[in-house]
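Visitor: Dropping the structure in here first, questions after.
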Amino acid sequence: QVQVVESGGGLVQAGGSLRLSCAVSGVTFTGYAMGWFRQAPGKEREFVAGVSWTGGSRYYADSVKGRFTISRDNAKNRVYLQMNSLQPEDTAIYYCATAPAPGGGYYSLLSEDYDYWGQGTQVTVSS
């Protein structure tokens, strides 16, 4: 019943930009913080960015701070990740996930706090 679907991945040159989208259905969207994670070849899944259900609290991994922006549109049950100045090290499968939120300002960097995950969308950045 719960569905999390990412889109917007693709192939870009270093220095380029992509905007990922995540559509969520089957849950009360405002009751969930949202996060983006990624998994690169040979590496474990890592946190990229998170946003509270109010949209007022945002957090970014150091590796993407200043380059990526997470946002959400609760009216559309969607979360976005604007990725600028992409580098080859950003190449990964990017996953969108939901985290039950005890409050409007809640967010989490921990994958174990997220209950529903999308199928992932591939981002490839060429050298």
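The values are calculated or read from the model by the stated rules, or taken from the named source; none is laboratory data. On a predicted model such as this, the values are computed, not experimentally measured, just so you know. Cβ: placed from backbone, ideal geometry, glycine included. Neighbour counts: every protein chain shown. The accessibility values were calculated without ligands, DNA or RNA, using every heavy atom of the protein model including side chains. Shrake-Rupley method; radii C 1.70, N 1.55, O 1.52, S 1.80 Å.
Visitor: Over the chain, what is the relative contact order in whole percent, taking alpha-carbon pairs under 8 Å and six or more residues apart?
Guide: Over the chain, the number comes to 36 percent.
Visitor: Pulled fully out, how much extra length does the chain show between residue 71 and residue 40, if you take 0.36 nm times their separation in residues and subtract their Cα-Cα distance?
Guide: 8.9 nm
Visitor: I would also like to ask the following. To the nearest 20 debye, what charge dipole does the chain have about its Cα centre, counting +1 at the Cβ of each Lys and Arg and -1 at the Cβ of each Asp and Glu?
Guide: It works out to roughly 340 debye.
Visitor: On to the next question. For the chain, what does the accessible surface come to per residue with a 1.4 Å probe? Please give it in Å².
Guide: Value for the chain: 49 Å² per residue.
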